[in-house]
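For reference, the structure discussed in these notes is given below.
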Amino acid sequence: MRRDKKVLLAAMLGATVMAAPAVSMAQAQSPWYVGGSLGQMEAKGSCPAGFTCDFKDNSWKVFGGYQVNRNFAIEGTYLDGGKISVSTGGVTAKGEISSWGVAALGILPLGGDQFSLFGKVGLMSTKQKFSASGPGITSTGVQDGSEANWGVGGTFNFNRNLGLRAEWERLDKSEVDILSIGIQYKF
């Protein structure tokens, strides 16, 4: 009977040792994250006298990243920046912008892991589509190019996986500012 207790104790100890890595792996958080945001875009510029201008529109983006450590992440983004329009008399010009990019994020955790601030700097590949129409004339065009992108923001984590993210960012050459709020999910 004594031998049976030793065998049972050894089996339980072995099962505990084998289960410990699985438990710690289940508790470890993956460095990968994804998210999406909705926001407001505003193109910089002044409206000439006699023109009607709309330099604001809704925007949205999706993003995903890899948090290298507590203070640094690399992130990829697709942004639909919305549309602008300028018109006078019977002539109307419209433009829309979309971008793909990558950025580095510097992260400053505050009060543990629940709230953090971040700054970002990156490079975007931006496509701008233009169209103009007037009496009997229509013209369209597309312009592609690279530009700097930077911004600041904050994340409030509801739990280990789900957070609320707010940020302001700027597309340099396009002179577009975007204010957005969204959800971030860490795997």
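A short reminder: the numbers here are calculations on the coordinates, not readings from a lab. Computed from a prediction, not measured in an experiment: that's the story for all the values here. Neighbour counts are summed over all protein chains in view; Cβ atoms, including those assigned to glycine, are modelled from backbone coordinates with ideal geometry.
Below are the figures for this structure:
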read-out: Some residue of segment 93-105 being closer than 20 Å to Ser133 by Cα and surrounded by fewer than 15 Cβ atoms within 10 Å (Cβ to Cβ); value: no
read-out: Of all residues making up segment 147-178, the number that are farther than 16 Å from Gln40 by Cβ and either among the charged types (D, E, K, R) or in contact with a Pro (Cβ under 9 Å, 6 or more places away or on another chain) (or both); value: 4
